[in-house]
Amino acid sequence: MIQYAELTFDLPILEDTFTYEVPPGTQVGMRVEAKLRGRKEEGIVLSLHHNEPNYEVLQVDRVIDKTPVINEEQIGLAYWVKEQYLASLGECIHKMIPSGRRHSKVKLTEGLTASEPFKLNEEQEAAYQNIKSDFGKDSIHLLFGITGSGKTEVYLHLIRDILQNSNKGVLLLVPEIGLTYHIIRKLEAVFPGEIALLHSALKVSERFKAYTDLLQGKKRIAVGTRSAVFAPVSNLGLVIIDEEHDGSFKEHSTPRYHARQVALQRCRTNKAVLVLGSATPSLEVYHLAKTGKIGLQVLTKRPGTAKPPTVRIEENKKDARLLGSELTFAIKQRLDKKEQVILLLNRRGYSPLIYSEKEKTYIPCPNCTSHLCYHKKGTVICHLCGFSDSLQRLETKLGEKLVMMGTGTQKLEEFLLETFPGAKVERLDQDSIQDKSVLTDVIGRLVDGEIDILTGTQMISKGLDAARVTLVGVLNAGIGLGLPDFRAGERVFSLLTQVAGRAGRSDLAGEVLIETNTVDHPIIRMALDQDYIRFYESEIKTREELFYPPFSRLVRILSRSKDESLSLKTIEEVHQVLKKHLPEPNTVVLGPAPCPFYKIDANFRNHILIKTTVQNKWREILKKEIRPLKISKNVYLELDFDPLDLV
C-alpha cells in the first residue's frame, strides 16, 4: 500500500502542509527533500497516512534523516507558535532545528570534577523551598534578587532536585552563552556530562549532537540562548530564564516569538515550573508578581561577606578629556592594588559622528535615517544596515576634510592603552567578537585575573562574575534616554543597574562611578541608588496613563519597501481594514506613521501600533483580513505581537 506524508516547508505561505508519496520506513519528524512549485525544498514529515488524494501526488526526492529530528511535543508547539505569531507552520517548525555558523574554538568547561552546590543562605533557602513546592504544577515564579545575590545557586539547587527526585528534564535559557561563563562552569561542576549546550557558535555537527542527545533522552539539561526554548528536552519539569528582562529573548524575524511566552506554553503543556530570574525584571513581569498573579521570591543581600557596591556620579565636564579626573584616579588606584576594572561605553566604533563643516551637518548613511560612524583603519560604517566606505573616498567625494566627533569603544581602548601603559586592556563589542570564541576567551581571562581593564558596550553588563573586579565606570550614562520608545528609560535603568552589579562580587569592596551630563535625570538618580522598586513605582504610573504594557498588549504592523509610495500605500490599505473594526472600547490605534528610523537599508518603513486589552480579537482580524491581503511582492509586511522595538 502506498504511504503518503503531510510535509511542511520553511516558506512564508498560508498552506500548512502538502501531500507527497514517501518510501517505506519514513517516520514522522524526519526531514525530506522534495520539489515544491518547481524548486527543490527541505520539508518535514508531520503525519503519515494511506489516504490517496484525488489529484496527482509527487514522490519525495530523498529522505534526509535516519531517525526523526522533531518530536510530537515540538510539532504541537509549532502549531501554537503559528497561531500566536501568525507565521507559517513550516517557518515555526524549522526554527526548532539547530543551525550553526561558526566553529567555537574554546571549550567552556574543561577538566571539571563533580562538586556540590554551595549551601544556601536563609533568603535563598526560602526561595528554593517556595519554588520547589510547586514542582509538578504549571506555575511561574519571579526570582527577584539584587545583582550578586546568588540567583545561580538557587537555580543549581532546583535543577539538582529535579534530576535526583524525578525523571524530568530542565531547560536553562541565558541571553548570551559566552557571557554566562560562570553559570556554565558551575553547572558542569555540579552536573558533569549532563549538559547539552545549544548555541550558534558551535559547529553544526556539535550543535546537532547536543540536540540529538536531548531528543534521545541521553542528556537532561539543555542550556542555550533564545532558540533553545524549542529544545527537545524529554519530560520537561523546570524552565529557568536567567536575566529574563533581556531584549535578546525576542526574535526579530518570522516567527517573531518571545522565548518567555514560548517557555510558558511549554510549561503549561508539561505541567512544569517556570522561573524568571533578574535584578531588574521587565515591568510586565514584576507587575504580575506584585499583583499576585505569579510567585515572587526576593533576594535582598549578597551571600557571605560580599556587599553591594557604593555608587557615585560625576558630571561630564565640557573639556576634551575622555575620562573624568575622579574615574581616572580610581582606575589608577585599582591597578596599583592589582584589582580589575570594567568600563562601559554603549557606543561602538572610534567616533560615533562625522561632521561636515561645509554643510554644517553630520554625515548620514546613504541608505538609512542614521549617521555614519568612523571606525579604526579608516572605514566609515552604518550600524543599522552595515554600509561601509573608506573615509578617504568619502572626503574626496565631498571635497573637504571631515571632523570626527564623540567617543566610541575603539577610541576609549586606545586612550586606556596610552594612559595606563602597563595595563592589560581588552575590548568587547560587536566589532571585536566577529569570532564568538574571542568572547569566551576574553571572559575566561577576565575571570582568571589576566585582564586589568575590560571595556565594551552593553554586552559587558550581562552576567559577568569576576571576583577581582572592584571598580565599574560608566561613560556617557545618558545614552539611550532620548529614544522615541516608551521603554527607553527602562532599558537605561536596567543597563546601569546590571553593569554596576559587576563590582564587588567577593569580599573585596566594589565601587561604581557613573559619568553623565544628565546628573539630575530621574532614571540616572534611581540607578545611582540601585532602587528598582522606586523606578517601578514611578514608571508604572506613566504606563497606566499612556495605556502601555502591562495595562495593554501591543501589536505592531510594519510595511517596508524600497519603493516609498508602495510602503505608504500598503500601510494605508491595512489601516482601512482595521478602521472597519473601530472604535473598540479596549483599543487605541496609533498611525499609520513613518517609523522613527524611517529608512533602513534603502527600505522605507511605515507602521501602525495597536494598544489593546483584547489582543486575541485583533489576532483573529489580522489572521482573517490582513494576512490574505494581496500585496505587491516588492513590499514586506511585518506583524509583530508584543514588540520590544518600536523604532
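The values are calculated or read from the model by the stated rules, or taken from the named source; none is laboratory data. Treat the numbers as computed from the prediction; the structure is a model and nothing was measured. Please note: Cβ atoms are built from the backbone with ideal geometry, for glycine as well, and neighbour counts cover all protein chains shown.
Please go through region 392-430 and pick out each residue that is assigned to a helix (DSSP H, G or I), within 32 Å of the chain's Cα centre (by Cα) and not acidic (Asp, Glu).
Of everything in region 392-430, those that are assigned to a helix (DSSP H, G or I), within 32 Å of the chain's Cα centre (by Cα) and not acidic (Asp, Glu) turn out to be Thr409, Gln410, Lys411, Leu412, Phe415, Leu416, Leu417.
Filter region 294-318 down to the residues that are within 25 Å of Leu475 (Cβ to Cβ) and either crowded, with 18+ Cβ neighbours inside 10 Å or of a type outside the set (Lys, Arg) (or both) and list them by number.
Within region 294-318, Pro308, Pro309, Thr310, Val311, Ile313, Glu314, Glu315, Asn316 qualify.
Note down all Cβ pairs under 7 Å where the first residue falls in region 1-16 and is more than 16 Å from Leu86 (Cβ to Cβ), the second is at pLDDT below 95 and of a type in the set (S, T, N, Q), and they're at least six residues apart or on different chains.
Short answer, once both residue conditions are applied: Tyr4/Asn51.
Which condition number in (1) under 19 Å from Asn71 (Cα atoms); (2) buried (at least 21 other Cβ atoms within 10 Å of the Cβ) is the one that Ser234 fails?
If we test Ser234 against (1) under 19 Å from Asn71 (Cα atoms); (2) buried (at least 21 other Cβ atoms within 10 Å of the Cβ), just (2) comes out false.
To keep it simple, each residue is scored yes or no on (1) charged (D, E, K, R); (2) modelled with pLDDT of 95 or more; (3) within 30 Å of Glu584 (Cβ to Cβ).
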residue	(1), (2), (3)
Thr497	no, no, no
Pro522	no, no, no
Gln530	no, no, no
Arg553	yes, yes, yes
Ser559	no, yes, yes
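Any chance region 568-587 includes a residue that's touching a Phe, Trp or Tyr at 6+ places or on another chain (Cβ under 6 Å) and surrounded by 14 or more Cβ atoms within 10 Å (Cβ to Cβ)?
Scanning region 568-587 turns up no residue that is touching a Phe, Trp or Tyr at 6+ places or on another chain (Cβ under 6 Å) and surrounded by 14 or more Cβ atoms within 10 Å (Cβ to Cβ).
Would you check which residues across region 14-63 are surrounded by 13 or more Cβ atoms within 10 Å (Cβ to Cβ), within 33 Å of the chain's Cα centre (by Cα) and in a loop (DSSP other than H, G, I, E, B) and list them?
Asp16, Thr17, Val28, Gly29, Met30
Within region 376-387, take every residue that is within 16 Å of Lys401 (Cα to Cα) and modelled with pLDDT of 95 or more and give me the one that is surrounded by the most Cβ atoms within 10 Å (Cβ to Cβ).
As a first pass, look at region 376-387 and keep what is within 16 Å of Lys401 (Cα to Cα): 378-380.
From the residues that got through so far, the ones that are modelled with pLDDT of 95 or more too are 379-380.
Numbers: Thr379: 18, Val380: 26.
Selected residue: Val380.
Condition (residue is more than 30 Å from Pro309 (Cα to Cα), surrounded by fewer than 18 Cβ atoms within 10 Å (Cβ to Cβ) and in contact with an Asp or Glu (Cβ under 8 Å, 6 or more places away or on another chain)) applied to region 510-532: is it met by at least one residue?
no
Looking at region 1-46, which of its residues are more than 30 Å from Leu629 (Cβ to Cβ) and of a type in the set (Ser, Thr, Tyr)?
Tyr4, Thr26, listed by residue number.
Out of region 285-318, which residues are touching a helix residue (DSSP H, G or I) at 6+ places or on another chain (Cβ under 9 Å) and part of a loop (DSSP other than H, G, I, E, B)?
Scanning region 285-318 gives Lys293, Ile294, Thr300, Lys301, Pro303, Pro308, Pro309, Lys317.
Out of Thr212, Thr225, I need the residue that is in contact with an Asp or Glu (Cβ under 8 Å, 6 or more places away or on another chain) and of a type in the set (S, T, N, Q). Which one?
None of the other options fit; the residue is Thr225.
Would region 198-206 turn up any residue that is touching a helix residue (DSSP H, G or I) at 6+ places or on another chain (Cβ under 9 Å), part of a strand (DSSP E or B) and either surrounded by 21 or more Cβ atoms within 10 Å (Cβ to Cβ) or not assigned by TED's automatic domain parsing to the domain that holds Ser149 (or both)?
Checking region 198-206: at least one residue is touching a helix residue (DSSP H, G or I) at 6+ places or on another chain (Cβ under 9 Å), part of a strand (DSSP E or B) and either surrounded by 21 or more Cβ atoms within 10 Å (Cβ to Cβ) or not assigned by TED's automatic domain parsing to the domain that holds Ser149 (or both).
Quick one: is Val63 modelled with pLDDT of 95 or more, among the aliphatic types (A, V, I, L, M), closer than 27 Å to Asp642 by Cβ and not assigned by TED's automatic domain parsing to the domain that holds Ile184?
Answer is no for this residue.
So is Leu496 assigned by TED's automatic domain parsing to the domain that holds Val341 and either crowded, with 22+ Cβ neighbours inside 10 Å or in a helix (DSSP H, G or I) (or both) or not?
Against the criterion (assigned by TED's automatic domain parsing to the domain that holds Val341 and either crowded, with 22+ Cβ neighbours inside 10 Å or in a helix (DSSP H, G or I) (or both)), Leu496 qualifies.
Looking only at region 427-451, which residues are surrounded by fewer than 21 Cβ atoms within 10 Å (Cβ to Cβ) and within 20 Å of Tyr350 (Cβ to Cβ)?
Scanning region 427-451 gives Gln430, Asp431, Ser432, Ile433, Gln434, Val438.
Look at region 344-363 and say how many of its residues are farther than 15 Å from Thr396 by Cα and among the hydroxyl-bearing types (Ser, Thr, Tyr).
4
Any chance region 140-149 includes a residue that's closer than 21 Å to Thr497 by Cβ, part of a loop (DSSP other than H, G, I, E, B), among the aliphatic types (A, V, I, L, M) and modelled with pLDDT under 95?
Within region 140-149, one or more residues are closer than 21 Å to Thr497 by Cβ, part of a loop (DSSP other than H, G, I, E, B), among the aliphatic types (A, V, I, L, M) and modelled with pLDDT under 95.
Tell me which of these His607 doesn't satisfy, since it passes every other one: (1) outside any strand (DSSP E or B); (2) under 23 Å from the mean Cα position of the chain (by Cα).
Exception for His607: condition (1).
What number of residues within region 185-207 satisfy the criterion of being at pLDDT 90 or above and more than 23 Å from Thr152 (Cα to Cα)?
Result for region 185-207: 0.
Are there any pairs with C-beta distances below 6 angstrom linking a residue in region 355-381 that is without any contact (Cβ under 8 Å) to a residue 40 or more places away in the chain and assigned to a loop (DSSP other than H, G, I, E, B) to a residue that is surrounded by 18 or more Cβ atoms within 10 Å (Cβ to Cβ) and among the hydroxyl-bearing types (Ser, Thr, Tyr), with the two at least 6 apart or on different chains, and if so which?
Lys376/Tyr350
Here is a check on your reading of the model: is Ile523 among the β-branched types (Val, Ile, Thr) and in contact with a Phe, Trp or Tyr (Cβ under 7 Å, 6 or more places away or on another chain)?
yes
Any chance region 384-391 includes a residue that's part of a helix (DSSP H, G or I) and outside the structural domain of Lys337 (by TED's automatic domain parsing)?
So far as region 384-391 goes, yes, one or more of its residues are part of a helix (DSSP H, G or I) and outside the structural domain of Lys337 (by TED's automatic domain parsing).
Hey, does region 176-199 have a residue that's more than 24 Å from Lys119 (Cα to Cα) and among the polar types (S, T, N, Q)?
Checking region 176-199: not a single residue is more than 24 Å from Lys119 (Cα to Cα) and among the polar types (S, T, N, Q).
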